[in-house]
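For reference, the structure is listed below as structure tokens.
The values are calculated or read from the model by the stated rules, or taken from the named source; none is laboratory data. Model, not experiment: these values are computed from the prediction. Glycine also receives a Cβ, built like all others from the backbone with ideal geometry; neighbour counts cover every protein chain displayed. The area values use the complete protein model at the heavy-atom level, side chains included, leaving out ligands, DNA and RNA. Shrake-Rupley method; radii C 1.70, N 1.55, O 1.52, S 1.80 Å.
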Amino acid sequence: MAAARILVVDDDPAILNLIVRFLSQKNYEMESAADGKSAWATFQSFKPDLVILDVNLPDILGYALCAQMQEHQDVYILMLTSRTDASDKIRGFSQGADDYLTKPFDILELEYRVGAILRRQRIAPAAQNNSDSLDFANLVIDPVRRQVKVSSEEVHLTALEFDLLYFLAKNANKVWRRSELIQEVWGYDYVGDQRVVDVHIGQIRRKLESTPHKQATIKTVRGVGYVFDVQADDEV
């Protein structure tokens, strides 16, 4: 299996060099950038599997760059920040970030998070034939092409949004708690704010419901969690 490609974007040379040197020793293929302009150019040519992205860059906020990258290519993004406010994390997640680390961080924890994200990437495309495609009325979820279509119209989801929707749809009509979804989809015991699940569910709903043929299938079970309901049309 080819080595995963990781792009590190941070304007602090000490942090940038530490991450690049450390992950290079773990046999990842690495590229780096210190500002948004060079990061975007490298992103387009390097086509990384994962971007480790600082929030505060000299020429652009990492949030905006995260959204720009997600619009261009399905890519996993781990954001780094010195900000500790929960609203900043929610903002990052709403722009398509998959995970969040607050500076200063343990380099071993960074390695653990990187490995967990990339394991999700290897698991999701494992389907080998069209029989693995999930069809629900006018909604089709194809894990091979990583495509979602509503009435034949493609709906663009970020990598994590796709993984979350596919997992819920594959386990239709089962109610999942937020903690269970984090364990199953994120792939490890996430110690941050569990509202990250709410943010991603909200993004998926917004995108599915923005199509001409509205498709709302993820229902809220108040006080419990979420369910992909193939029966009802309204939220529980």
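Of the residues making up segment 23-42, those that are open to solvent by less than 50 Å² (accessible area, probe 1.4 Å), in contact (Cβ under 8 Å) with a residue 12 or more places away in the chain and among the small types (Gly, Ala, Ser) number 4. The number of residues in segment 53-106 being among the hydrophobic types (A, V, I, L, M, F, W, C), open to solvent by 10 Å² or more (accessible area, probe 1.4 Å) and closer than 22 Å to GLY202 by Cβ comes to 5.
If you go through segment 42-69 and keep only what is under 14 Å from ARG5 (Cα atoms) and part of a loop (DSSP other than H, G, I, E, B), you end up with LYS47, PRO48, ASP49.
Among the residues making up segment 1-22, a single one is over 20 Å from the mean Cα position of the chain (by Cα) and surrounded by 20 or more Cβ atoms within 10 Å (Cβ to Cβ): ILE19.
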